[in-house]
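Right, one structure below, let's go through it.
The values are calculated or read from the model by the stated rules, or taken from the named source; none is laboratory data. The shown structure was predicted, so the numbers you read here are calculated from the model rather than taken from an experiment. Every residue, glycine among them, receives a Cβ derived from its backbone with ideal geometry; neighbour counts consider all protein chains shown. These area figures cover heavy atoms from the full protein model, side chains too; ligands, DNA and RNA do not enter into them. Shrake-Rupley method; radii C 1.70, N 1.55, O 1.52, S 1.80 Å.
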Amino acid sequence: METNTIKKIARIALGGMLVFAGVSHLTFARKDFQAQVPDWVPLEKDDTVVYSGLAEIGLGSSLILANEANEEMIGKIAAAFFVTVFPGNISQYINRRSAFGLDTDEKRFARLFFQPLLVYWVWKSTAK
């Protein structure tokens, strides 16, 4: 399979995952996402979950619909988003908040390693 085709499939798959995650922020997983919001965030936890869910839907849709001229910039924005929300994963680990089946320190710690993988995924699927 051609490299550009693989990159496009990877980009669209990541975009679909972001749209799904964003919809879940607004619906069935809202409480779980609240467990990831650090206490220092100056907004209500539910508002933070809603805003981040809308951002994920927008980013995911942008990744899916990106044309070649814009995909690299959209990828950089998505990577920055993944870095920006990483403190929520750290907060969940430090504060021992169970959500998404992450009900042990070991599971919450292991989750920390997935965020860099998402940054790598978006970078590899959108970089020129």
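Observations
- When region 50-102 is filtered for residues that are of a type in the set (Gly, Ala, Ser) and part of a loop (DSSP other than H, G, I, E, B), the ones remaining, listed by number, are Ala66, Ala69, Ser98, Gly101.
- The requirement of being β-branched (Val, Ile, Thr), open to solvent by 60 Å² or more (accessible area, probe 1.4 Å) and free of Cβ contacts under 8 Å to residues at least 60 places away in the same chain is not satisfied by Ile57.
- Here Gly22, Gly15 are screened, and the one residue that is open to solvent by less than 30 Å² (accessible area, probe 1.4 Å), free of Cβ contacts under 8 Å to residues at least 40 places away in the same chain and of a type outside the set (A, V, I, L, M) is Gly22.
- Residue in region 26-49 that is in a helix (DSSP H, G or I), modelled with pLDDT of 95 or more, small (Gly, Ala, Ser) and open to solvent by less than 30 Å² (accessible area, probe 1.4 Å) present: no
- Of all residues assigned to region 75-89, at least one qualifies as being in contact with a Ser or Thr (Cβ under 6 Å, 6 or more places away or on another chain) and surrounded by 15 or more Cβ atoms within 10 Å (Cβ to Cβ).
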